[in-house]
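Chemist: Dropping a structure here in structure tokens format, bear with me for questions.
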Amino acid sequence: MKDKERGRHGMADTSHKHGDGSEGGEKASEEYLESDVRVILLTHLRGLGLDAYISSDREVEEGPYYSYYFTSMPRIVTNVCCIKVSGMNFDCINLLTRG
Amino acid sequence: MADNPTTLHTYGALPFYQIHFVVKGNGKVFEELLVARTRKRVRGVISKSVEDVWWEGGKIAERLNNDTRLKQLLLTILKDDDIFIDPVENAVRIYSRFKIESEVTRHLSREAIEAYNIIAGHVRSIMKEFE
């Protein structure tokens with residue numbers, strides 16, 4: 001119980017519970033650490049009080065991602081997701097991963 | 001065996017992420033006005049403190065430099081980072097450097113979101129003005 005209060009290895013608590021399978025008359029639930037970066041980011045944005053949701057936007061997601069005016073930007077990137085946030089000046093948040 | 005430039009690396013995507021704040025519109029039309037990046041003066045090596053932040057680039061850099069609230073926010077959020085405004089064909093992308101997987105959300109504080117929102121507002125106003 002104390003381990004749960006401290007958090008796992010000092011990391012942000014992104015654990016969730018799911019399933020309500022009953023074993024021997026007691027309600028048991030499975031806890032897991034969220035590893036999907038999209039869900040982690042979405043949960044973080046909602047935690048900041050923003051109305052955010054994952055949405056598909058082909059125009060943004062298919063690129064191009066860089067103009068290469070700034071030379072340090074990578075050549076190979078992969079689109080992860082597009083998150084829309086209502087009430088903001090930007091149209092969406094696009095998450096990219098390197099490689 | 002000849003190298004095929006279209007072949008992707010076998011190790012796949014790396015755990016480094018970059019968050020782009022996208023303002024839609026033809027950025028290429030306004031690229032001379034909108035290309036900009038931050039520069040900063042930092043004191044200290046191990047415990048860094050940002051003493052001054054300013055923008056370099058096109059017309060938008062003047063406006064961003066005159067925004068006192070934005071400067072105040074950037075002094076708190078830009079420790080070892082920079083913000084780039086990059087106009088591409090179908091959008092204007094505002095982003096900072098790549099972050100490792102565990103630090104993606106740590107850098108995205110309430111102040112950072114507000115700063116990106118202010119920058120996007122300036123981008124949008126310039127795009128409207130020079131349309």
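Chemist: I'd like to verify a number: residues in segment A:38-91 that are in a helix (DSSP H, G or I) and among the small types (Gly, Ala, Ser), how many?
Modeler: The qualifying residues number 1.
Chemist: Identify the single condition in (1) within 23 Å of B:LYS99 (Cβ to Cβ); (2) within 11 Å of another protein chain (Cβ to nearest Cβ); (3) at pLDDT 85 or above that A:ALA12 does not satisfy, given that it satisfies every other one.
Modeler: (3)
Chemist: Then there's this: Limited to segment B:69-95, what total is found for residues that are charged (D, E, K, R), part of a loop (DSSP other than H, G, I, E, B) and within 10 Å of the chain's Cα centre (by Cα)?
Modeler: Within segment B:69-95, residues that are charged (D, E, K, R), part of a loop (DSSP other than H, G, I, E, B) and within 10 Å of the chain's Cα centre (by Cα) number 2.
Chemist: With more than 8 Å from every other protein chain (Cβ to nearest Cβ) and modelled with pLDDT of 85 or more as the only criterion, which of A:ILE83, A:ILE40, A:ILE93 stands out? Steps first, answer last, please.
Modeler: Details: A:ILE40 fails: more than 8 Å from every other protein chain (Cβ to nearest Cβ); A:ILE93 fails: more than 8 Å from every other protein chain (Cβ to nearest Cβ).
One residue alone meets the criteria, A:ILE83.
Chemist: Now for a different question. Can you report the number of residues in segment B:118-131 which are buried (at least 18 other Cβ atoms within 10 Å of the Cβ) and facing another protein chain (nearest Cβ under 7 Å)?
Modeler: 1
Chemist: Could you please tell me which pairs satisfy a Cβ distance under 6 Å, a separation of 6+ or placement on different chains, a first residue in segment B:106-131 that is in contact (Cβ under 8 Å) with a residue 40 or more places away in the chain, and a second residue that is of a type in the set (Gly, Ala, Ser)?
Modeler: Going by the 6 Å Cβ cut-off, the qualifying pairs are B:MET127/B:GLY25.
Chemist: Can I ask one more? Could you tell me which residue of segment B:79-92 is surrounded by the most Cβ atoms within 10 Å (Cβ to Cβ), considering only residues that are more than 7 Å from every other protein chain (Cβ to nearest Cβ) and modelled with pLDDT of 90 or more? Explain how you work it out, then say what you get.
Modeler: Just the residues of segment B:79-92 that are more than 7 Å from every other protein chain (Cβ to nearest Cβ), to begin with: B:79-83, B:85, B:92.
Filter once more, so that each one left must be modelled with pLDDT of 90 or more: B:82-83, B:85, B:92.
Details: B:ASP82: 16, B:ILE83: 22, B:ILE85: 28, B:VAL92: 31.
Filtering first and then ranking leaves B:VAL92.
Chemist: Output the residue which, of all residues in segment B:96-112 that are touching a strand residue (DSSP E or B) at 6+ places or on another chain (Cβ under 8 Å) and at the interface with another protein chain (Cβ under 7 Å from one of its Cβ atoms), is farthest from B:GLU62 (Cα to Cα).
Modeler: The residue in question is B:GLU101.
Chemist: Any residue in segment B:43-62 that is within 30 Å of A:SER55 (Cα to Cα) and either at the interface with chain A (Cβ under 10 Å from one of its Cβ atoms) or at pLDDT below 95 (or both)?
Modeler: Our first condition is that a residue be within 30 Å of A:SER55 (Cα to Cα); within segment B:43-62, this holds for B:60.
Of the ones still in play, those that are also either at the interface with chain A (Cβ under 10 Å from one of its Cβ atoms) or at pLDDT below 95 (or both) are B:60.
Yes, the conditions are met somewhere in segment B:43-62.
Chemist: Scan segment A:57-65 and give yes if some residue there is at the interface with chain B (Cβ under 10 Å from one of its Cβ atoms), small (Gly, Ala, Ser) and surrounded by 11 or more Cβ atoms within 10 Å (Cβ to Cβ), otherwise no.
Modeler: Looking through segment A:57-65, at least one residue is at the interface with chain B (Cβ under 10 Å from one of its Cβ atoms), small (Gly, Ala, Ser) and surrounded by 11 or more Cβ atoms within 10 Å (Cβ to Cβ).
The values are calculated or read from the model by the stated rules, or taken from the named source; none is laboratory data. In this text, all values refer to a predicted model and were calculated from it rather than measured experimentally. Using ideal geometry, Cβ is built from the backbone for each residue, glycine included, and neighbour counts are taken over all protein chains shown.
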